[in-house]
Amino acid sequence: MNILGLSGSLRAGSYNTLALKAAQKLAPAGIRIEIASIGDVPIYNDDQRVQGEPAAVTALKEKVRRADGLLIATPEYNFSIPGVLKNTLDWMSRPPEPPFTGKVVGIIGASPGPVGTARVQYDLRKVLVFMDAFTVNKPEVFINHCADKFDAQGQFTDECGSKLIVDLLLAMQALKQRLG
């Protein structure tokens, strides 16, 4: 299974990008994760879309289409979806042929707070329903107090969290197989 990873944070040293890198290392046999950047996606403007999608949007849509599934790692900003991620999803939801349609999606999130991105994950699930994606419901992967769960080299050190990430990847693979 080929999974495309998207981080909802553009920050250098983002814990969510580090979580995607951890997922790459933890991926079981038969699962490959490529991480794509959303940093070049411009602010959504339907006038611009009508005149022609920006190259960064077209390229990202193509990566999404080629992937068997997506793994989104996102922080929580003001109890919800970071603007940069929501903006990217707005571009991805527009015609022609929105690429999230029918895709299997897993969600993880790292946060310095105690609830570990629970609220953003629920909001993100609502957006993904509209985008006609199939979101894995369990396990939920909330990496709370994230600064304590990555070492100085950016390696994920939480055994329980590592098991949850592996279980999520396997659940994504199983859902993809069920969907055909």
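The values are calculated or read from the model by the stated rules, or taken from the named source; none is laboratory data. Because the structure is a prediction, the values reported are computed rather than measured. Because the Cβ atoms are built from the backbone with ideal geometry, glycine has one as well, and the counts that use them run over all protein chains shown. Please note that ligands, DNA and RNA were not included when accessible areas were found on the heavy atoms of the full protein model with its side chains. Shrake-Rupley method; radii C 1.70, N 1.55, O 1.52, S 1.80 Å.
The table for this structure:
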item: Of all residues in the range 85-139 being among the basic types (Lys, Arg), in contact with a helix residue (DSSP H, G or I) (Cβ under 9 Å, 6 or more places away or on another chain) and under 28 Å from CYS160 (Cβ atoms), the one that is surrounded by the fewest Cβ atoms within 10 Å (Cβ to Cβ); result: LYS138
item: Residue within the range 143-156 that is assigned to a helix (DSSP H, G or I) and buried (at least 19 other Cβ atoms within 10 Å of the Cβ) present; result: yes
item: Qualifying residue in the range 89-106 (condition: β-branched (Val, Ile, Thr), without any contact (Cβ under 8 Å) to a residue 40 or more places away in the chain and under 20 Å from CYS146 (Cα atoms)); result: no
item: Search result, residues across the range 37-63 that are touching a residue at least 24 places away in the same chain (Cβ under 8 Å), surrounded by fewer than 17 Cβ atoms within 10 Å (Cβ to Cβ) and among the aliphatic types (A, V, I, L, M); result: ILE43
item: Hits in the range 157-166 (condition: open to solvent by 40 Å² or more (accessible area, probe 1.4 Å), part of a helix (DSSP H, G or I) and either of a type outside the set (Asp, Glu) or closer than 22 Å to PHE100 by Cα (or both)); result: CYS160, LYS163, LEU164
item: Boolean, SER7 is open to solvent by less than 20 Å² (accessible area, probe 1.4 Å) and either among the polar types (S, T, N, Q) or at pLDDT below 95 (or both); result: yes
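Let's see how each residue does on (1) among the hydrophobic types (A, V, I, L, M, F, W, C); (2) modelled with pLDDT of 95 or more:
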site	(1), (2)
MET1	yes, yes
TYR15	no, yes
TYR44	no, yes
ALA55	yes, yes
VAL84	yes, yes
PRO114	no, no
